[in-house]
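Note sheet for the following structure.
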Amino acid sequence: MKTKTLKIHIIGGGNLGAALATGLTKFSPNTEITVTRRAIQQIQYLESKNIKVSYDNTFEISQSDIILLTVKPYQVEVVLIEILPHISGKIIVSAVSGLSINTLEQKTNHDHSIVRIMPNIAVQFGESATCISFSEKYDEAGQKVFELFSLLGTALIVEEKLMDAATILGACGTAYALRYIRASMQAGIEIGFDAKTALAIASQTVKGAAQMTLEEKIHPEQLIDRVTTPQGCTIVGLNEMEHQGFSSSLIKGIKTSFGKIKEL
Ligand SMILES: NC(=O)c1ccc[n+]([C@@H]2O[C@H](COP(=O)([O-])OP(=O)(O)OC[C@H]3O[C@@H](n4cnc5c(N)ncnc54)[C@H](OP(=O)(O)O)[C@@H]3O)[C@@H](O)[C@H]2O)c1
């Protein structure tokens, strides 16, 4: 029996919207993706990946199964005014930071199933950490979205009250991890590598370490024990990093970001 194609309409083809379109096309079979934004020339390259693009948010929207909002919070209102007259009973998935399920329900006249997600831009490579939240009455829609994002990395269903924390740890977390890679790369150059080689080593090392925690599901310190020889060069370096405030600065940075999101 042929599986029904899932039509996904992404509104807001910016950093996240374009990454989602690319990831979904690549890793989720039987999906048909449309992406919209006003400056359509910026996303025309997606057409070569079999993704439809449009400057018109209502383009084929009535035929879509899932509408994915990836605009900035202040752009939501105008988008909804435009699309609501053309849709009924859809699954609306929102990646918009700070927009609660309750607010979106009200803004869409309680006519749609609402699911809130917080992915990150590594979704493009099928490597997102996506937190998903929905209320019990939208369980069917929520499970469908969970299945979809399980194909695009790690998908986790969380309580809605954790969505701000998910934004910081999962979405902003990409930037923190990249900053670690940059610092490693710079140190790598100081100890002898050219920039390209240092970047390749630093990036793959982080990917490998992440793979270990994901697959073995044990505390990172247990894995660190496998790398640190007593009186060896790893432990002296690690301890020096801690003397300089490595873990502390990371924790403080994450808490500062979390404090900021609460003000927005
Ligand atoms: N970037 C991330 O890593 C990330 C991760 C998780 C969640 N998010 C959330 O995702 C949302 C988008 O973030 P972003 O970083 O992708 O922002 P962005 O790059 O600015 O993308 C927003 C896109 O929306 C489009 N847009 C604005 N008004 C529109 C309208 N009326 N109709 C159609 N498209 C419209 C803009 O293009 P035009 O101006 O050409 O229309 C722009 O490309 C935010 O709420 C953010 O919090 C982002």
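Bear in mind these aren't lab numbers, they're just calculated from the coordinates by the rules spelled out. This one's a predicted model, so the numbers in the text were calculated from it and none came from an experiment. All Cβ positions, glycine included, derive from the backbone under ideal geometry; neighbour counts span all protein chains shown.
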Matching residues, the range 8-38, being surrounded by fewer than 23 Cβ atoms within 10 Å (Cβ to Cβ) and farther than 20 Å from Thr58 by Cα: Asn15, Ala19, Thr22, Thr25, Lys26, Phe27, Ser28, Pro29, Asn30
Residue match in the range 211-219 (condition: without any contact (Cβ under 8 Å) to a residue 60 or more places away in the chain and of a type in the set (A, V, I, L, M)): yes
Selected residue (criterion: farthest from the ligand (Cβ to nearest atom)) from residues of the range 69-91 that are under 24 Å from Thr167 (Cβ atoms) and without any contact (Cβ under 8 Å) to a residue 24 or more places away in the chain: Tyr74
Number of the exception - Ser94 against (1) in contact (Cβ under 8 Å) with a residue 40 or more places away in the chain; (2) within 12 Å of the ligand (Cβ to nearest atom); (3) closer than 30 Å to Val158 by Cβ: (1)
Candidates Gln244, Gln204 - the one that is free of Cβ contacts under 8 Å to residues at least 24 places away in the same chain and over 24 Å from Ala122 (Cβ atoms): Gln244
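Given the residues Leu199, Leu151, which is the only one that is away from the ligand (no atom under 16 Å from the Cβ), in contact (Cβ under 8 Å) with a residue 60 or more places away in the chain and touching a helix residue (DSSP H, G or I) at 6+ places or on another chain (Cβ under 6 Å)?
Working: Leu199 fails: in contact (Cβ under 8 Å) with a residue 60 or more places away in the chain.
Step by step, each of Leu199, Leu151 is checked, and only Leu151 is away from the ligand (no atom under 16 Å from the Cβ), in contact (Cβ under 8 Å) with a residue 60 or more places away in the chain and touching a helix residue (DSSP H, G or I) at 6+ places or on another chain (Cβ under 6 Å).
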